1. What distance in nm separates the simple spin-label points at N147 and R447, each placed 7 Å from Cα in the Cβ direction?
2. Can you tell me the length gained on complete extension of the stretch T73 to T231, counting 0.36 nm per residue apart and subtracting the Cα distance?
3. What share of all Cα pairs of the range 351-429, in percent, falls into each consecutive 5 Å distance bin?
4. Keeping all protein chains in the complex and leaving out DNA, RNA and ligands, what accessible area do you get for Y256 with a 1.4 Å probe, in Å² to the nearest 10?
5. What ratio of Cα Rg to 2.2 N^0.38 Å holds for the range 114-180?
6. Could you sort out which of K11/K375; K132/K345; K38/K112; K124/K375; K345/K405; K11/K86 sit more than 31 Å apart by Cα distance in this structure?
7. In the range 132-258, carbon and sulfur make up what percent of the accessible area (probe 1.4 Å)?
8. Dipole of the chain, Cα-centred, from +1 at each Lys and Arg C-beta and -1 at each Asp and Glu C-beta, to the nearest 20 debye?
Amino acid sequence: LAPMAASRITKRFAERFPSALTKARLVGREAEYPVVWKDGNAADARLLIKALDNAYEGFETIDEELPSFFQGTQSHRTGLRSQDKKLEVYLEVGWGTLEVITGPYGELWELKNAHDTAMERIVKTADSLGMKILGTGMQPRTPPSLNLMTPRPRYLTMREAVGPEVWDIWAITASDQIHIDVTLDEVPSVTNLVNILHPVVIALCGNSSIYSGEISEFNCARQALMEPLGTRHGMPAVPIATMEDHIQSVMDNQLYWLRDEKGNLNVYGDRTFSSFCNDTYGTDPTQACSEKEYEDFLLHDHYCFHSARPRSKQRTVECRAACQQPWNEHMAAATLHLGMVESYKEVWQVLTDYYGSFESAWEAMRGHTPHVERKGLELYPGCLETDLLIDIAKACKTGLVRRGKEEEKLLDCIFSRIEKRTNPAQAGVAAAREGGMAGYIHHCEVRHAEIFELLG
């Protein structure tokens, strides 16, 4: 019966994706940054948002009523938005993490310039408060806890649903997520490709070895610590064949929580969204998908954390695997992912030539994941081979060259990482071993002078 519900949701979900792209793919970026004091402990990004609002004109403010231990609820300024809607600065799951949303733009150079301009203001304001913005994937010193979590009710509900040992980690993570335009027909192939390259992205862009004040056993702790979520996170167990196949795979995941008609947040037990949907909305595939059913699906879908997720509202595939990157190479993940999408046919050919078949490639990449989470680009028996990584990067470069915007120049750092077999996390650990926490903070810091130099 479940596919019947999936069928009507698929019709609604798929209708926003275009049948063809009439111009260059648009790219948007959701970049998260740890905000810390000089000693490396988490700083309150709400103070930074208020200071930005006071220092610069032209922002629309985003205010939320959040629970308070002392006064019921209080209004908090949790974000700022530019009038053209192409820049948003927002408080993340942890109040020590700032999200900088830019785009969409038709080329990476535009996206980079917009991000550089926003970060120039953010870092200058942070400097005035004695704060530092870090290009890394985890809070380096403050451990994950309920105290560090922004007190949005939905976060507390998620904590109840999945358990604090998993959800609290989100309070210290910082990812670099990219949205890329796709057509309806491209969704399955592009989604599968970005998902199968999950371990490749971790190997090339992992940047979260250090958290809770220590060098951990992981190269990419931001991904590795989500292991209890199983195949709901990272690389899925199996690929998808169609859009409906994707919708069904999402529906077959455990349902964590939903809002009822009165807005109350209700946690569900051990049942799938498919089961809930059939019981609540029926199994007739010919009936229209109601607003409430679709709203419930989108909320459930939001808490399925695969490395590639089709996003109906944005008409994109969202690419999620990368940690925040070092500032001098901060476009690395965006460029790599756009190359994957532009060259998805060529990259698929590289993988099937190397592994012999689609199925063998999928199985092999799933096997690589736990190893790259711990070792990154280190050489070890059975590691991702240099020749394969170079071939994948070259295929990605081909698609960027086709766009005719010289964006392939931004991929040079990826080739350098492969050549040196060193990713950002490995470089960060070396800085920490040499200079301790102070050395690591200096290594990761986004410095105003460097941004100002880029902007001229």
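1. According to this spin-label approximation, the distance is 3.3 nm.
2. Working: separation 158, 0.36 × 158 = 56.88 nm, distance 3.65 nm.
Between T73 and T231, full extension yields an extra 53.2 nm.
3. 3, 13, 21, 22, 20, 14, 7, 1
4. Accessible area of Y256: about 20 Å².
5. 1.36
6. K11/K375; K132/K345; K124/K375
7. Using a 1.4 Å probe with all protein chains present, the range 132-258 comes out at 48 percent carbon and sulfur.
8. For the chain, the charge dipole is close to 380 debye.
The values are calculated or read from the model by the stated rules, or taken from the named source; none is laboratory data. Note that the coordinates shown come from a computational prediction; the quantities given were computed from them, not determined experimentally. Backbone-built Cβ (ideal geometry, glycine too); neighbour counts: all protein chains shown. Ligands, DNA and RNA are stripped out before the accessible areas are found, and what is left, the full protein with its side chains, is counted by its heavy atoms. Shrake-Rupley method; radii C 1.70, N 1.55, O 1.52, S 1.80 Å.
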